[in-house]
Amino acid sequence: MPPRRRHRNPGGAAPTRTGPALRPGARPRQTAEAAGPPRVLVDGRNVQRALERGSAAGSLPTSSLVALLRAAFPDAEVELVLDGHPRGSPTGRVAPRLSVAYSRGATADQLIGDRVVEALRDLGPVGAWSVTVVSDDREVRDHARRNGTRVEGTAWLADRVAALGRRGTGIGHGRAPSPSRPARVD
């Protein structure tokens, strides 16, 4: 193995190890580990329509979607973004790690776009990768990709929700109980 080369320091002072220089007023970027739990932004109406198509029950109320999202992402910060005004529906933090936001005067697509840009600005390129946008809308997906976030479609979420039903409880690892054996008499 060749010896390591040392860079010459023309000033004679011992070299120091510091991070990249920040411009005045800039905040240091976080790494993926420091970014916190994964974050999921869900295009609400887009996902509702997709899950309704795959369901024999028909319409999927927002409260049911919230319950599905809580089960599908137990360890992630989830934000369900819906078009329009709440009209009596809950908004803000509705459960631990799950919040609901209505776009009010804008569209849900614009609100998701704003959240993606905020994530990139606050977390940096590495941290933005911890954010996943769930939508089938081409513009939303393209904007999210350009800003460094992960993108998944509604089919991915539907598969994740369907896996919840197949998983069952932790007892027996999803297998039916084995029949009891008769006691042996010696």
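Some notes on this structure:
- Loop trypsin sites (Lys or Arg not before Pro), the stretch 73-169 (other Cβ atoms within 10 Å of the site Cβ: 15 or fewer; DSSP): Arg87, Arg104
- Annotation: amide H of Gly36 has no partner in the under-5 Å range at sequence separation 5 or more or interchain, hydrogens built in the peptide plane.
- Overall form of the stretch 58-122 per C-alpha gyration tensor (a/c, 1.5; a/b vs b/c): oblate
Each reported figure results from applying straightforward, stated rules to the coordinates on display, with no laboratory input. This one's a predicted model, so the numbers in the text were calculated from it and none came from an experiment. Here the Cβ is made from the backbone with ideal geometry for all residues, glycine too, and neighbour counts use every protein chain on show.
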